[in-house]
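The values are calculated or read from the model by the stated rules, or taken from the named source; none is laboratory data. All values derive from a computational prediction rather than experimental measurement. Note that we place each Cβ from the backbone using ideal geometry, even for glycine, and neighbour counts take in every protein chain shown. For accessibility, only protein heavy atoms count, side chains too; no ligands or nucleic acids. Shrake-Rupley method; radii C 1.70, N 1.55, O 1.52, S 1.80 Å.
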Amino acid sequence: MHITQLNRECLLHLFSFLDKDSRKNLARTCPQLQDVFEDPALWPLLHFRSLTELKKDNFLLSPALRSLSICWHSSRVQVCSIEDWLKSALQRNICSRHESLVNDFLLQVCDRCPNLASVTLSGCGHVTDDCLARLLRCCPRLRALHLENCARVTNRTLTAVAAHGRALQTLHVDFCRNVSAAGLRRLSAACPRLTLRAEHSAAMIPDQLPRGPHAPGAALRKLLLR
C-alpha cells in the first residue's frame, strides 16, 4: 500500500510525528502530501529552538495555532541582554543580524493567529513592549504568557496586560530585569485573579542610562527624556 492511498486523517496523524524539517521534506515528494502539509489542522503547536528557525518555510501560521514557543538558549543571548549604550561595535553587529527577527515574526502571528492561547518567549532579548502589547490586543483568547530573560520587557508590558489581557490567566516575567516590584504590585491589584510569577525580576538591577553630559549614551538619554 502506498502512503498516498491513506485517507487524510491518517496522513495528518503520520505527519504529526515528524519535526518541521521532516514534514517539509515529505511534502516535497508529491502534491497530495504538500496539501497535507498546508492543512492548518497540522499546526496547532509551534516550537522554535533558535531564531534562525523563524526564517524557514517549514511551518504554517494560521488561525489553528494555539501554542507558540520560542526558546533561544545561546551565548548570543548574553550579548542581546547588554544595555544598548554599553555594547561594543562587534556586539552591536552581532545583534543587528537578528534584532528584529522575533518582533517581525510576532507581528505575523498577530495578523494570522487570533486564536492563540499560549505564548512562551525565553532568551528573546530584543522583543519589545510594543510588540507584546499588540500581541495581547490581537489575540484576545491568550490565556498564558511566559516571558523569561527578555531584557527589553518593562512595566509597560504589565500595563498592557492589565488593559488588554482580558482572558489571561497566567503571566510569568522571570529574569526580566526591567520589571519593577511596584509595577508587579499594580498589576496584582488590577488583576487579582491573574497568576503572576516574576522569579528574580524585581530583585535584579534595572537598566539605567549613564548620567552626566559626557557619559556614554548621554545623547540617547536626552532623546528619551524629551
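Exactly one residue among ASN115, ASN58, ASN25 is in contact with an Asp or Glu (Cβ under 6 Å, 6 or more places away or on another chain), on the phi < 0 side of the Ramachandran plot and among the polar types (S, T, N, Q), and that residue is ASN58. Between GLY165, GLY125, the distinction of being open to solvent by less than 30 Å² (accessible area, probe 1.4 Å), among the small types (Gly, Ala, Ser) and modelled with pLDDT under 95 belongs to GLY125 only.
The single condition among (1) open to solvent by less than 70 Å² (accessible area, probe 1.4 Å); (2) under 22 Å from SER67 (Cβ atoms); (3) modelled with pLDDT under 95 that ALA160 does not meet is (3).
The set of residues in segment 16-45 that are open to solvent by 80 Å² or more (accessible area, probe 1.4 Å), of a type in the set (Asp, Glu) and either over 22 Å from VAL119 (Cβ atoms) or touching a residue at least 40 places away in the same chain (Cβ under 8 Å) (or both) contains only GLU38. The single condition among (1) closer than 26 Å to GLN34 by Cβ; (2) surrounded by fewer than 22 Cβ atoms within 10 Å (Cβ to Cβ) that CYS113 does not meet is (2). When segment 57-84 is examined, which residues are found to be more than 15 Å from ARG112 (Cβ to Cβ), out of contact with any strand residue (DSSP E or B) (no Cβ under 8 Å at 6 or more places or on another chain), open to solvent by 30 Å² or more (accessible area, probe 1.4 Å) and not hydroxyl-bearing (Ser, Thr, Tyr)? Passing the criteria: ARG76, GLN78, ILE82, GLU83, ASP84.
Within segment 46-70, residues that are within 20 Å of GLN34 (Cβ to Cβ) and at pLDDT below 95 have Cβ atoms under 7 Å from residues that are open to solvent by less than 70 Å² (accessible area, probe 1.4 Å) and not acidic (Asp, Glu) in no pair, counting only partners at least 6 apart in sequence or on another chain.
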